[in-house]
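Accompanying notes for the structure given below.
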């Protein structure tokens, strides 16, 4: 009697079972943009962000939203 051989199904990266990140169910989509400025200006923005306890991205986003009234 021949035994039926079940093929192992591998998931994830690396070709082994359980490899890769598990799905979290969260959908986060980020968009990147670039800010151009003189090194001194960028350093000043970074210092302001650090002083206010925010990341540079959060500082810029909030300041623009605040000025636009949203």
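With respect to residue 58, is the statement that it is surrounded by 10 or more Cβ atoms within 10 Å (Cβ to Cβ) and at pLDDT 75 or above true?
yes
State the number of residues belonging to the range 20-51 that are surrounded by 10 or more Cβ atoms within 10 Å (Cβ to Cβ), without any contact (Cβ under 8 Å) to a residue 12 or more places away in the chain and under 22 Å from the mean Cα position of the chain (by Cα).
5
So for the range 62-70 (the condition being on the phi < 0 side of the Ramachandran plot, modelled with pLDDT of 80 or more and touching a helix residue (DSSP H, G or I) at 6+ places or on another chain (Cβ under 9 Å)), does at least one residue qualify?
So far as the range 62-70 goes, no, none of its residues is on the phi < 0 side of the Ramachandran plot, modelled with pLDDT of 80 or more and touching a helix residue (DSSP H, G or I) at 6+ places or on another chain (Cβ under 9 Å).
Residues being out of contact with any helix residue (DSSP H, G or I) (no Cβ under 9 Å at 6 or more places or on another chain), modelled with pLDDT of 65 or more and assigned to a helix (DSSP H, G or I): count how many of those fall in the range 1-49.
6
The values are calculated or read from the model by the stated rules, or taken from the named source; none is laboratory data. Treat the numbers as computed from the prediction; the structure is a model and nothing was measured. Methodologically, a virtual Cβ is constructed for each residue, glycine included, from the backbone with ideal geometry; neighbour enumeration extends over all protein chains shown.
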